[in-house]
Amino acid sequence: MTSKLQVTIPKRIADQFAIKPGMDLDWIPAGDGIRVVPAGRKDPGADLTFRLKLFDEATARQRARQAGRAKRRRARHRGWTREDLYRRGRAD
């Protein structure tokens, strides 16, 4: 972001979404972020089926990430409990 509030779009992203110099863009609030769409194009986020498709894809990615994680091991018995630590050094 420049001091004139101009934003530079990376070339890779501009090529992927066919954004050209001088093109007008719409800036749409989207929760904690901003969605940038070429002016005049229908906002894909407004289409319920498209949003559900994105949600399903994100859910599948999250499940894949969780499946790759190692399962938590149960804590083994160490001969003491948390309560023992809290009471340690205190007169009862």
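Read the figures in this text as sums done on the coordinates, not as results from a lab. As the structure is a prediction and not an experimental result, all values here were calculated from the model. Don't worry about glycine lacking a Cβ; one is built from the backbone with ideal geometry, like all the others, and counts go over all protein chains shown.
Considering Arg65, Arg87, the condition of being exposed (fewer than 10 other Cβ atoms within 10 Å of the Cβ) and of a type in the set (Lys, Arg) is satisfied by Arg65 alone. Within segment 17-33, the presence of at least one residue that is loosely packed, with under 10 Cβ neighbours inside 10 Å and among the basic types (Lys, Arg) is confirmed.
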